[in-house]
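Written out below as structure tokens is the structure these notes cover.
None of the figures in this text is laboratory data; all of them are computed from the coordinates on show. Computed from a predicted structure; not experimentally measured. Ideal geometry is used to build each Cβ from the backbone, glycine not excepted, and the neighbour counts take in all protein chains shown.
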Amino acid sequence: MSSTLNQLRQALASLQKGNLAEAIRQSQAILWAEPRNFDALHIMALASYHAKDLPTALKHIERALAVRGDMADAFNTHGMILKALGRVPEAANQFSRAVKLNPRSREAHYNLANCLGDMGRLPAALEHYDSALKIEPGMVMAWNNRGLVLRRLGQIPQAAASFDEAIKRSRDFAPAYYNRADCLMALQRRDEAIADYDRAIALKPDFAEAHCNRANALLELGRHDDALSGYDRAIRLRPSFHQAYLSRGIALAALGRQAEALESFRTAVALKPDYADVHYNLGKLLKELGRFEEAAISYDEAIRLRPDHAESHSNRGNVLKELKLFDEALRSFDRAISLRPDMAEAHTNRGNVLVRLLRHEEGLASHDLAVRLNPDSADAHNNRGNALKELNRLDEAVACFDRAIELKPDYAEAFSNRGNALRELDRLEDATESFNMALALAPAEPGILYNKAIVSLHRHHFAEGFELYLARWNSEEFEDRRPTTEIPAWDGSDIEGDVLLWAEQGLGDEVFYASMLSLLAPGRTRIALSSDKRLHPIYARSFPGIRLIDRATTNSMITGAFAAQAPIGNLGHLLRADAGRIAQRRYPYLQASAERARQIAEANPITGQGRVCGISWRSGNKRMGASRSIRLAELAPVLTLPGLTFVNLQYGEVDDEIREAKDLLGVEVHRLQDVDVFSDIDGLLAAIDLCDMVLTIDNVTAHLAGALGKSSTVLVPKGKARFWYWGGERQSLWYPSLRLVYQENVGEWEPAIAAAAHHLTELP
């Protein structure tokens, strides 16, 4: 017996010294003689465990427990082995048995706490760490791990206090400094956190995580270059450190080094393809680079990996909005909000999409909620103002923009939006001042330059206005209309060769800008005009020296043997048009076909009966047509004037409205035979020429009548639907034959219609 005892002592001593092979040999010698010797089996299990021979360790501890099932230390050892094998719930059961057998076992409490933490049973884990520390207050790892559990419970100050205790008991324990630093970061005490990371690194220079998280603190302090150095050190220590590559990419992006940032994100993805955070940040960078389709793919992957990440859904919606996939974007914002109802940014973005979809009331409701959630957000107030502006609640919109500017005095976009609202209120001087403030903050922003151009042109400040108007092609409003070409831009000088002028915007705008063609001085320069083919017969007759090209074949990509090119709307700038130059134009500048007029008169004898008034009341403009349009029956004060015969100049399906007007008013609006007023613009012009007068809203008929010099009355809307070239005068500067009658309040046509009726009675 004494021999066996001596052998056990020797085996235990070897185990304690770390001489595992000797401990195993000595234990095995005992077990050959006494196969059921509990102590030898236990030592064998412990030595095999430390030698990482877990199957052998498990076999011997199970044999030991079969011999004696009342030994707490053996159950503790069994739990350690099971935990190492990844069998954590079973390990927890064994540690629990050890605690029951020996409530004073600090090791069993500590090990049980570790298992419970791994299982997510955090309050129970905390309880057993506390039990272990009551038994042995000097357990550094117990204080450290207790702090980690408190951190996971969101009890950050208490976690920091636990790490404090670990540090008090071991000043050279690097993990406690590291973990306390993480708590200090969560408490926004970044400078103190950096000091703790420094201590951890000083104790353990190869502590890659400490280098990385120290860099994170520097990044949050805006010290991007210092942060980058930290990430580089972390990566040198651990080349597969995917988190460091992610954070390094964020630092590089902040430094404007997008290409390197992209490479860093790509490396993080290669190291860990299922890393949702890197896909999210990659999506953000790709969006900033304007690579929207790739950004959408990155957000899709981030969402696949983390479906409940509201920010990914919201940012995906922003990308889809840029791709003009508004309905899908809306679904993304809705998903983000379902995950985080208090996410003000998602409500704002949702509102912006709804406004783009012309669902203005819904958009405003989203913006209202965003403002309630984040009343100090300048963006939320600005976007709410945009929604109100679209609803023509202009004074409220101005108040929103004012609040946005109050919150963010350097908010150029809000100044510009405020200027637009003031313009729609006809407060043109105030609008100009607001645009000037915007340009002082963002001198080269195309959208602001374009917005100020509209006000300057409206005020007849033509030199400034037409120069600023050049910026339109770089603005968001015109981004989908900008053709591609390698042909040099024309500067207006007389040059050898052909110059291509290409039509822009709508059919009415084409006619309007053509008013300046007569100002082109004859010389070496030959003009080719790309325009709507429906206008070609008219232009061939009116501008015989100009070669005509079908707009449909040129306006997406301008090619051909041209010395230079320019959009026709640039003529105002190129010709230095002002009020004096405008008066020098040939006017009228369009000629109707006498032959077509004769044919129409023969097919429609009504055109020769009394005073004939051509009438048009609708606009097909997708964005602003509804604000310009009137129902035919609303024109009753005009239609019931005595001595007038009315001819329909309105394209589209109008039979129901014409029938309604006859039923309600007893007035016949005659349809023209053999004239399709949509496709046959030459015929429409001839029909206008046959009329004694024209009443129209702002549509192509107004421009044709004006270009023809026909005495006409135009009903001009208020607000965003009023184009700059109508100015504010009663007689049009651009079309002297037109009498302009302005809507006083958005949506209220009755006073303007009454004024138009009065004007028609005054015409000879």
The chain - charge dipole about Cα centre, Lys and Arg +1 at Cβ, Asp and Glu -1, debye rounded to 20: 2700 debye
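Could you check what % of the DSSP bridge pairs in the chain are antiparallel, to the nearest 5? Could the numbers behind the result be given before it?
Details: 2 of 38 bridges.
In the chain, approximately 5 percent of DSSP beta bridges are antiparallel ones.
Among Tyr299, Tyr245, which comes first, second and so on when ranked by fewest other beta-carbon atoms within 10 Å?
Working: Tyr299 29, Tyr245 26.
The most exposed by this proxy come first: Tyr245, Tyr299.
Magnitude of the Cβ-charge dipole of segment 602-762, K/R +1 and D/E -1, about the Cα centre, nearest 20 debye?
Working: 15 positive and 21 negative charges, 133 e Å.
With Lys and Arg at +1 and Asp and Glu at -1, about 640 debye.
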message: Need the C-alpha centroid separation for segment 719-753 versus segment 1-28, integer Å.
response: 106 Å
message: With loop defined by DSSP as not H, G, I, E or B, and exposure as at most 16 other Cβ atoms within 10 Å, which is the longest segment of the chain clear of exposed GluC sites (Glu not before Pro)?
response: 1-478
- prompt: How do the peptides 702-713, 269-280 rank, highest first, by the average count of neighbouring beta carbon atoms within 10 Å per residue?
  reply: 702-713, 269-280
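Note down the magnitude of the dipole of segment 295-360 about its Cα centre, charges +1 on Lys and Arg C-beta and -1 on Asp and Glu C-beta and zero elsewhere, to the nearest 20 debye.
Values: 11 positive and 10 negative charges, 38 e Å.
Here the size comes out at about 180 debye.
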field: Positive minus negative residues near Glu260 (Lys, Arg vs Asp, Glu; Cβ under 12 Å)
entry: +1
statement: Taking N as the number of residues in segment 484-583, the ratio of its alpha carbon radius of gyration to 2.2 N^0.38 Å works out to 1.00
message: Please list, in order along segment 748-758, the HN-Hα scalar couplings obtained from phi with the Karplus expression 6.51 cos²θ - 1.76 cosθ + 1.60 (θ = phi - 60°), rounded to whole Hz, x for Gly and Pro.
response: 9, 9, 4, x, 5, 5, 4, 5, 5, 4, 4
query: How large is ³J(HN,Hα), in whole Hz, for each residue of segment 138-145 in order, when computed from phi with the Karplus curve 6.51 cos²θ - 1.76 cosθ + 1.60 and θ = phi - 60°, using x for Gly and Pro?
result: x, 6, 4, 5, 5, 4, 5, 5
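Could you work out Rg/(2.2 N^0.38 Å) for the chain, with Rg from alpha carbons only? The partial results should precede the final answer.
Details: Rg = 40.4 Å, N = 764, 2.2 N^0.38 = 27.4 Å.
Relative to the 2.2 N^0.38 Å estimate, the chain comes out at 1.48.
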statement: Taking the dipole of the chain about the Cα centre (Lys, Arg +1; Asp, Glu -1; charges at Cβ), the one of Asn436, Leu704, Leu237 that reaches farthest to the positive side is Leu237
- prompt: Could you give the nm distance between label points at Ala603 and Glu729, where each point is 7 Å from its Cα heading toward the beta carbon?
  reply: 3.8 nm
- prompt: How many angstrom lie between the C-alpha centres of segment 187-239 and segment 520-538?
  reply: 67 Å
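Can you sort Thr696, Thr553 by how many other beta carbons sit within 10 Å, fewest first?
Details: Thr696 27, Thr553 12.
By the 10 Å Cβ count, ascending, the order reads Thr553, Thr696.
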message: Let's test the formula: R0 of 60 Å, r as the Cβ-Cβ distance of Arg152 and Arg623. What FRET efficiency results, to the nearest 0.05?
response: 0.70
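For a Förster distance of 45 Å, can you work out the FRET efficiency between the beta-carbons of Leu441 and Ala561, rounded to the nearest 0.05?
Numbers: r = 44 Å, r/R0 = 0.98.
Efficiency, rounded to the nearest 0.05: 0.55.
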- prompt: Of Ser366, Gly249, Asn19, whose Cα points farthest to the positive end of the dipole of the chain (charges on the beta-carbon: +1 Lys, Arg; -1 Asp, Glu; origin at the Cα centre)?
  reply: Asn19
10 Å-binned pair-distance histogram of segment 73-121 (Cα, whole percent): 35, 58, 7
task: Fewest Cβ neighbours within 10 Å first, please rank Val694, Val355 accordingly.
output: Val355, Val694
- line: What helix-only [θ] at 222 nm does the chain give? Using -39500 (n - 2.57) per DSSP H run of at least 4, over all residues, to the nearest 500, the answer is -18500 deg cm²/dmol
message: Just to confirm the filter: which trypsin sites (Lys or Arg not before Pro) across segment 251-297 are DSSP coil and have at most 13 other Cβ within 10 angstrom of their Cβ?
response: none
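Summing +1 for each Lys or Arg and -1 for each Asp or Glu, what net charge is found among the other residues whose Cβ lies under 15 Å from the Cβ of Leu763? Display every interim value, and only then the final one.
Numbers: positive: Arg611, Lys710, Arg730, Arg739; negative: Asp692, Glu762.
Net local charge, Leu763 excluded: +2.
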- request: Would you please give the residues with an amide H less than 5 Å from that of His670, counting only those at least 5 places away or on a separate chain, with H modeled from the backbone geometry?
  value: Phe646, Val647, Asn648
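Please identify the trypsin sites (Lys or Arg not before Pro) of segment 125-197 that satisfy two criteria: DSSP loop assignment and at most 14 other Cβ atoms within 10 Å. Which are they?
On the way: sites: Lys134, Arg146, Arg151, Arg152, Lys168, Arg169, Arg171, Arg180, Arg189, Arg190; in loops: Arg171, Arg189.
Sparse-neighbourhood loop trypsin sites (Lys or Arg not before Pro): Arg171.
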- request: Apply the Debye scattering formula to segment 602-762, with a single equal point scatterer on each alpha-carbon and no solvent, then give log10 I(q)/I(0) at q = 0.09, 0.14, 0.16 Å⁻¹.
  value: -0.25, -0.64, -0.86
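Quick check: residue separation of Met141 and Ala124 times 0.36 nm, minus the Cα distance between them. What number comes out in nm? Each step should come with its number before you reach the end.
Details: separation 17, 0.36 × 17 = 6.12 nm, distance 1.72 nm.
Difference between extended and current length: 4.4 nm.
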- prompt: Full extension from Thr640 to Ala84: what is 0.36 nm times the residue separation minus their Cα-Cα distance, to one decimal in nm?
  reply: 190.5 nm
- prompt: Based on the Cβ-Cβ distance from Gln505 to Gln673, what FRET efficiency comes out when R0 is 41 Å, to the nearest 0.05?
  reply: 0.80
- prompt: Once phi is turned into θ = phi - 60°, what whole-Hz ³J(HN,Hα) does the Karplus curve with 6.51, -1.76 and 1.60 give for every residue of segment 307-324, x standing for Gly and Pro?
  reply: x, 9, 8, 4, 4, 5, 5, 5, 5, 4, x, 4, 5, 5, 4, 5, 7, 6
field: Interchain or long-range residues, amide H under 5 Å from Ser530's placed H
entry: Leu501, Trp502, Ala503, Ile549
field: Between segment 284-320 and segment 432-448, the Cα center-to-center distance that results, in Å
entry: 31 Å
task: Taking just the C-alpha trace of segment 1-132, give me its Rg and Dmax in Å.
output: 15.1, 48
query: If Lys and Arg each add +1 and Asp and Glu each add -1, what is the summed charge of the other residues whose beta carbon sits under 9 Å from the beta carbon of Ile527?
result: +1
query: Put a dot 7 Å past each Cα toward the Cβ at Asp232 and Ser493; how far apart are the dots in nm?
result: 4.9 nm
query: In nm, to one decimal, how far is the modelled label at Asp172 from the one at Asp402, with both set 7 Å along Cα→Cβ?
result: 6.9 nm
